[in-house]
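Each remark here refers to the structure printed beneath this line.
Computed from the coordinates by the stated procedures, all read-outs in this text should not be read as laboratory data. Note that the coordinates shown come from a computational prediction; the quantities given were computed from them, not determined experimentally. Glycine also receives a Cβ, built like all others from the backbone with ideal geometry; neighbour counts cover every protein chain displayed.
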Amino acid sequence: MKKTAFILLAAVIAISLALAGCSKREGSGNGGAPGDTRTPGSTASTPDNSSSDNAGAGNKKRITVYGTAADKAVQDVYEEIAQAFMKENPDIEVDLQFPGSEYENILKVKMAANDLPDVWDTHGWAVIRYGNYLADLRDEAWVSEMTDTIRDVVTDGDGKVHALVLAEAKDGLTYNADLLRQYDIEPPRTIDELMAAAEKLKTESNGEVMPFYFSGIDDWMIGQFFDYFATSLLISPQQNEAENLLNGTMDWDKWTPLAETFLEMYKQGYMNKDVLTAKYSDLPNLFAQGKVAFTLLGPSFADEVHKINPDVEIGLMPVPAWYPDDEPNFSGGERYTMGVWKDSKHLAEAKKLVAYFAKPENLAKFADVTKLPAGLKGIEADHEFTEYYRTYENIRVFPYFDRVYLPNGMWDVMCKTGTALLAEQVTPQQFSEKMKQEVERLNNK
C-alpha cells in the first residue's frame, strides 16, 4: 500500500511540474466543449501539494484553491476576492491555481492519492465524482439562500451540500434578436416551432441567413446539439427514459429521432453547407453580421460577437421541448463552484474562505463577469442577459445529459458520430446502434 501511495504521489508531482506556467483558454459551451476545460493565480504558478501547513508563509495557514476558469477576466475576480479575504484575515494565505486543460486528470490523480486541494471547483461533478471527498457544507449560513434550480444539483439524497455554486449554468440557445424581430419570429417553444423558424429564415432571406451554424472540425458544436436535445427528447417529458438510462435498459432506437432531425436540418439547408470543414472561429463574425440566427452556445459567446458589432442584440432562450405537451428546459447546473476537502488540515479556514466568496457583493462580481446567474438568491447582476434570466427564472434546469446518463467517454462518441452522420458515413439508425454499443462497452470497462 505504501509503495502504491508513493507512486501516485510521484505521478502528482510529475504532472504538476509538466504543467508549470501552462495556460489554456476556454471557449463557449459546456460538457466537453471548450467551455468545459478551464494562468497561474495569486500566490503560486504551478499546481502544488494541496493541503499545506504553514509552508513559506511564516505562521500563516495556506489554503490551496484549484479553479477551472481560463478566461483572464474570471480569474481576476477570483484574485480580487482572495486578496480582500487575506487582507481581512492576515493569518491565512490563499494559493489560487488554474491548471488549465489537464485539470480533470490532475484531480483524478489527487483523488487516487487522497491528496486534494483544500478547495476546488467541482465543475459539474460535485455529487457524482467528488462526493466522497467533499466536506458537508449544509450548516453554512449561505446554504439557505441556494436557488431552487441549483439546490438539488449539489445536494445528495441525505441532505449533504457538496459545494457553493458561484455561477450557475443555464445553457440554451442564443440567438440574434434583431433577426428574429426582422422576420417576425418569436423564440420557439418546441422543436417543430424551431424548424418552422429555420424554414422561414432560410426562405424569406433567400438563403442569406443561416438558421444554424455548426463545425465538424470543432465537433463539440455538434455534440452540443445531441446533449441539449437528448434532455428534451428523453428526460424532460413526464414519461421519460431517465430510469432506463440509469439502469441500462433503454431501447436505443429511441435515440434515432435526434439523429434524423439533425440530418434533416442539414439536408433542408438549415445549417451552413460547409459544416464539415467550417471552424468555430468563423462564427462570431458571421453572427455579428446577421448571417446566423441561432447558436447552441453559452452567454460568454456574446463578448466575441460584440467586439465585432457592439450593436447586435443577442437573446437567450431555453432548449425547445421535443413534444408539444412538454415545456422548454435549460441544460446546466454547476459552472464555477467551491467545494471543500473533507480531510483538509485547515478545514475551518477553508470553509471561512468559501463563506467569504458567498457574500452577495462577491457573487455579483461573478455574475457580471460570467454573464450567468449566481447559485444564491437575491444577487443583483447587471449584464445583457439579466433580463432573460428573469424572464425564464422558473424554467426547469436539468443537469447536462452526458454527465448523468452516459458513461465517461461518450461525449466524444456523440461528437464524432454526429459529424459522421452529416458526412453520410452512418445512418440515423446506425448512430443509435453506435450509442448502444459504446455505452455498453464503457460501462463494462
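Observations on the structure shown:
- Distance violations [Cα-Cα > 18 Å] among 170/202; 61/352; 200/279; 202/307: 170/202; 200/279; 202/307
- In loop segments of the stretch 386-445 as defined by DSSP, the GluC sites (Glu not before Pro) with at most 13 further C-beta atoms inside 10 Å of their C-beta are 393, 424.
- Mean shadow area of the chain, taken as a quarter of the surface of its Cα convex hull (nm²): 21.5 nm²
- Largest-first principal axis extents, alpha carbons of the stretch 110-202, Å: 56, 31, 22
- Per-q log10 I(q)/I(0), the stretch 204-296, q = 0.12, 0.17, 0.23 Å⁻¹ (Debye; single scatterer per alpha-carbon; no solvent): -0.46, -0.79, -1.14
- Antiparallel bridge percentage (DSSP; both residues within the chain; nearest 5): 55 percent
- Taking 7 Å steps out from each Cα toward its Cβ at residue 393 and residue 238 produces label points 2.7 nm apart.
- With the convex hull drawn over the C-alpha atoms of the stretch 47-179, the volume per residue is 163 Å³.
- Translational diffusion of the stretch 132-253, µm² s⁻¹ [Kirkwood Rh, Cα pairs; Stokes-Einstein; 20 °C; 1.002 mPa s]: 117 µm²/s
- Distant-in-sequence amide contacts of residue 92, defined by a placed amide H-H separation under 5 Å and a gap of 5 or more residues or a different chain, comprise 61.
- Shape of the stretch 282-441, Cα gyration tensor, a/c cut at 1.5: oblate
- Relative contact order [Cα under 8 Å, 6+ residues apart], the stretch 354-445, whole percent: 17 percent
- Gyration tensor over the Cα atoms of the stretch 328-412: the corresponding equivalent ellipsoid has semi-axes (square roots of 5 times the eigenvalues, largest first) of 25, 23, 10 Å.
- Positive minus negative residues near residue 276 (Lys, Arg vs Asp, Glu; Cβ under 12 Å): -2
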